[in-house]
Structures are given as structure tokens and as C-alpha cells.
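Bear in mind these aren't lab numbers, they're just calculated from the coordinates by the rules spelled out. What you see is a predicted model; the values in this text were computed from it and never measured. Reconstructed Cβ throughout: ideal geometry from the backbone, glycine too, with neighbour counts over all protein chains shown.
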2 protein chains.
Amino acid sequence: MAPSKKDLCFRDLRNRILQLDLAPGADLDETSFSTHYGLSRTPLREVFQKLAGEGYLSIEPNRGAVVAAMDLYTMRRFFQTAPIIYAAVARLAAEQAIPAQIKALKDAQTHFMSARAASDNAALALWNHRFHEIIGEMATNPYLLPSLRRLLIDHTRMSHIFYRAKTAEDSIRVLRAAQQHDEMIEAFATHNAELAVELTLDHWALSRGEIEKYVWPDPLPETYMQPFSGDSQ
Amino acid sequence: MAPSKKDLCFRDLRNRILQLDLAPGADLDETSFSTHYGLSRTPLREVFQKLAGEGYLSIEPNRGAVVAAMDLYTMRRFFQTAPIIYAAVARLAAEQAIPAQIKALKDAQTHFMSARAASDNAALALWNHRFHEIIGEMATNPYLLPSLRRLLIDHTRMSHIFYRAKTAEDSIRVLRAAQQHDEMIEAFATHNAELAVELTLDHWALSRGEIEKYVWPDPLPETYMQPFSGDSQ
DNA sequence: TGTATACTTCATGTATACAAAATGGGTAGT
DNA sequence: ACTACCCATTTTGTATACATGAAGTATACA
């Protein structure tokens, strides 16, 4: 029942991709990774195939595996698609939720809070990921789940950037997200589908705002601009 | 540039699954399939992994690959999810469509019509599948595409049953579907998103009706019931 | 100097041999 | 007759050797 070396390899690679430790577009050498994880190339290639199947990697014939790209084009689609799928999944999850899943959700939330307390931003992003993955599992919809999983991959990779809360304002946003998680758990537990959808969209709006804040930050104060102005060059 | 043995194997297995030649739940022996396709087990296993990644198979560790199941539970989800995804994809496809894709769509439709003329029901189902897959590609949304692909797998597997048009009524339905395809092509070509969505939902309604007709057929005439009535047993 | 081409090198793809796990059948015990 | 357990057989999993194909480098030629 202990997880095999192959499973460990799979999970580690997945986490490293989610944490941007393996950057989008990075190409993965079979030989070096196989020696690193103590596997031969055959099972390692199978791990790559599985990761590719879930959208973490893409494999080009005769050219090996590369971490799934995150270009501007993809991000446009992300913002367009995420709220639709998140809302649809939330509705189903609220309708379907069983006690064991609510418990799993609470556990994930506990870990999320611990990571927040410890300012462990990598764990924070990963437990947030897990939290939303469980919601996907609650929906028990084999057609929507692969879409949700792909959205979560990119969502986590983006959020990883701003979960390194630096300012007090960032820290408040994370707290707000945590509160929303608790409210969502309650909505799922009481099978309140309408509320679950509403909270999910609120949660999305917060996260989207964080990302936008990162991409289009407030302009720097005038004084900071001084060194770059002038007529050098 | 010629397709490799591995590609041929992949495509053949995919088609066989879509045509129910490989039944849902059937388990696939690695050795026999590898000899059948003239591959060794290593590349065959990679084909299996890829098929599993796209939802055609599921692989259980130490227990091999089985064709994706189609139970009642899954079908319920299918009817629940298909119209949402189909509509969303149709909208995006209409917005995004480029001439080359419209041409690909017309080609698929030509093949569809040929299959209809030849009463080649296997080809009919497969070209219908391809037609809708192209629409998915037109949407160029990497998040929705995996959901759409999974829906199409099961949709094609179901439709395969009733594309063996027996009655004149069946034949008229197929003709109607073909007409809808033409109307949809026009809507995509003119970037008419609203119309594309409307036509897509009509198309879905027709298909859904066909499936329901198959699952809940008209009751047999009274006279047919006679042999089964009575007090035997 | 620029370009084309052959060669070297390295990474990916495939086959095969071996290891480990699961299945099925038979036997012993209750 | 039923159940539990062990062994034989089959099937899946892993390692390694070899084949194939891509990328980069050096050399010859224009």
C-alpha cells in the first residue's frame, strides 16, 4: 500500500510544475530525471505520458517532454473559461456532496490555514489547489473534471506568484480567500447550490483581482521614475 | 512523414473503441495487441497511456487497460453536461473560425455525406465524430477541449448504435442531421455566434431524441405481446 | 566570408530479458 | 459441501541494450 517510486516521482514532478520550480516550456531530459528519481527510463517515460495526459506536460515525438506552456494566448482563454467551469462544478458539487468529501475539504482547509500561519507559500498554493480539486471530485462529473483540472494547473501556477504575500494587503487577501473557503464548505455541506455558485464566483473575482493586480501593478511613485528619465542613450 | 506503426495502432484502437468493436469495459491484453500491431510491448503500452489520457481507456495499476466504461451513471452526467459544453464550444468556434478550418469542416461533411450515400454506418459515425472534433479545434480553447473530446467519445459510442439506420424514419433523421451540419458550417463561416449556438442546441436535441428513442422505444403492438403474456412460470 | 554537407554526438524510440504481482486451480482441512 | 491456503500460470512492471533520428560542429567548396 506504500506509494511506489513511480507514484512519488509523479507527485513530485506534478508539485514542482505547480510551484513553477519547473518553468513553463522547460524541457525535461529523460536520462537525468530517471537517474534523479532512481527509475529506469521506461517507467519514467510512463510518468511523463501520464502527466501529459493530465495537461502538465506536452510531448512532441522525437523531441521529448516539455512543461506545459503559459503564454498570453492561453491566459486569455483561462480568464474566459474559468468562471464558467468553476460555477458549473460548484453547482454539481453542492448537489452531490457526501459527508466524507466535506471532511476531506475541511482537512484541506486546515492544512491551508497551517500553511498560512507558517507563511509557507508553496504549501499554501498546493493546498489551495487540493481544496479546489476536491470540489471537482465532489461533482463526480467525468466530463467536466479534465477541464477543471487543466484550469487548476494554470490557476495554481499563476497564484504561486502572488501567494508570496509580501505586503499587508496581500496578507489580507489570503485571509479573505480562507474565509471564503469556509463559507463554501458550509454551502456544500447544506447542499445549497445557488449559494455555492455565488460564493465560487466571489472567490474567483478575488483571485482574478489578485492576478490582475500582479500583471498591471499600481504605477511606481514619481520619485522612482527619476533615474529612468532623462536623455541618456 | 508517413504515419508510424505506433500512430496507426493508436488510430485503429481509437476507431475500434468509437465503433464499439472494443466494448466498454473490455480489458486489453498487452501481449496479444502488441503482436497484432507488430509492436513490442513498450511502445504499445505508450499507446495505451495516451489513449487513457484522452479518456478512451482507463488503466489500473497491475491490472492493465480496460475500455472506458459507459454505465448508467456516466450517461446521466453525459446528458447533463453535453449541451453546456457543446454550446460554449460552438460560440467560441464561431468567433474564432478561420477559413482553413471551415474548409476542413466542409471536407468532413463531404465524407459524412458519402458515408450516408453508401450506408456505411461505421464511417458515418466516425465522420460525424470528426466533424464535431473540428468544431472543438476551431474554439482553440485548451481548457474546454478535453471535456468536449470526452463527451464526443461517448456520444459517438452511443450514436453508433442508432446510426445503423434501419427504418425510413431513422434515415430521415440522419438526413436532417446532415442539413444541420450545413447550416452550422454557414454560421461558423459568417461568425454568427448566436446562430451557431442555436443550431448546435437543435442538433443536440435531435441527437438526444434519437438516443432516447433507442433507449425507450415505442411499445410493441398488442399482438406482439401475446406470446409473452399468459401464466407460464 | 558564407553556405552546404558529411560526420559526430546525444537524446529519444524500440525490443527483449527478467522481476513482481495477480489470477486460477487444486488440495487439504474444517 | 464449503472455505482457506498454496502453488502454477499468466500478465503486468522494470531494467538494459540496441536502433533510430535530431542537433550541432567541422570541413570543403563557392
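Per the Kirkwood definition applied to all pairs of different Cα atoms, how many angstroms is the hydrodynamic radius of the range A:70-188? It would help to have the intermediate numbers written out before the result.
Details: mean 1/r = 0.0677 Å⁻¹.
Kirkwood radius, the range A:70-188: 14.8 Å.
Out of residues 5 or more away from residue A:22 or on other chains, whose amide H comes under 5 Å of its own, with H placed 1.01 Å from N in the peptide plane?
A:17
Can you list the distances in nanometres, one decimal and ascending, from the residue A:118 label point to the identical position in each other copy, with the point 7 Å along Cα to Cβ?
Reported distances to equivalent positions: 6.3 nm.
How high is the relative contact order of chain A, given as a whole-number percent (alpha carbon pairs under 8 Å, six or more residues apart)?
Working: 245 pairs, mean separation 51.3, N = 233.
So the answer I get is 22 percent.
Which parts of the range B:78-105 would a label at residue B:182 reach, counting a residue when its backbone N lies under 20 Å from a point 7 Å out along Cα-to-Cβ?
Counting only backbone N, you get B:102-105.
Amide H of residue A:69 versus every other amide H placed in the peptide plane: which residues, excluding those fewer than 5 positions away on the same chain, fall under 5 Å?
For residue A:69, the qualifying residues are A:25.
What FRET efficiency comes out for the pair residue B:21/residue B:118, r = Cβ-Cβ distance, R0 = 22 Å, nearest 0.05? Let's see the in-between values first.
On the way: r = 19 Å, r/R0 = 0.85.
Result of the calculation: an efficiency of 0.70.
Based on DSSP H assignment, which helices of chain B show an axial Cα extent of at least 24 Å together with a mean Kyte-Doolittle hydropathy greater than or equal to -1.0?
On the way: long enough: B:72-96 (35 Å, 0.38); B:99-117 (27 Å, -0.37); B:121-139 (28 Å, 0.12); B:145-162 (25 Å, 0.09); B:168-189 (32 Å, -0.31); B:193-215 (32 Å, 0.01).
Both cut-offs are met by B:72-96, B:99-117, B:121-139, B:145-162, B:168-189, B:193-215.
Placing a label point 7 Å from Cα toward Cβ, how far apart in nm is residue A:212 from its equivalents in the other copies, listed shortest first to one decimal?
4.1
List, shortest first and in nm to one decimal, how far the label point of residue A:64 (7 Å from Cα along Cα→Cβ) is from its counterparts in the other copies.
Between copies, matching label points for residue A:64 lie 3.5 nm apart.
Hey, what number do you get for chain A at 222 nm if only DSSP H runs of n ≥ 4 count, each worth -39500 (n - 2.57), divided across all residues, to the nearest 500? Don't skip to the end; give the middle numbers.
Working: 10 runs with 165 residues, N = 233.
Result for chain A, helices only: -23500 deg cm²/dmol.
For residue B:175 and residue A:87, what does the FRET efficiency come to when R0 = 45 Å and r is the distance between their Cβ atoms, rounded to the nearest 0.05?
Details: r = 38 Å, r/R0 = 0.84.
For residue B:175 and residue A:87, the calculated efficiency is 0.75.
Distance in whole Å from the A-onto-B rotation axis to the closest C-beta of chain A, together with the residue it belongs to, please.
That would be A:53, 1, residue then distance in Å.
Relative contact order for the range A:5-67 using alpha-carbon pairs under 8 Å, separation at least 6, rounded to a whole percent?
Values: 60 pairs, mean separation 25.7, N = 63.
Relative contact order, the range A:5-67: 41 percent.
Dipole size in debye (nearest 20) for chain B around its Cα centre, Lys and Arg Cβ +1, Asp and Glu Cβ -1?
Using only the charged Cβ atoms, the result is roughly 680 debye.
Each label point is 7 Å from the Cα along the Cα-to-Cβ direction; what then is the distance between the points at residue B:190 and residue A:79, in nm?
Between residue B:190 and residue A:79, the simple spin-label model gives 3.2 nm.
Three principal axis extents, largest first, for the C-alpha atoms of chain A, in Å?
So the extents along the principal axes, rounded to whole Å, are 65, 51, 34.
Please check which bits of the range B:42-80 a label hung off residue B:11 would reach, taking the label as a point 7 Å along Cα-to-C-beta and the cut-off as backbone N under 20 Å.
Residues B:43-57 fall inside that zone.
Which entries in the list A:50/B:6; A:6/B:50; B:50/B:213; A:5/B:50; B:50/B:166 go over 28 Å, if you measure between the two C-alpha atoms of each?
Working: A:50/B:6 17 Å; A:6/B:50 17 Å; B:50/B:213 34 Å; A:5/B:50 21 Å; B:50/B:166 35 Å.
B:50/B:213; B:50/B:166, as the Cα separations exceed 28 Å there.
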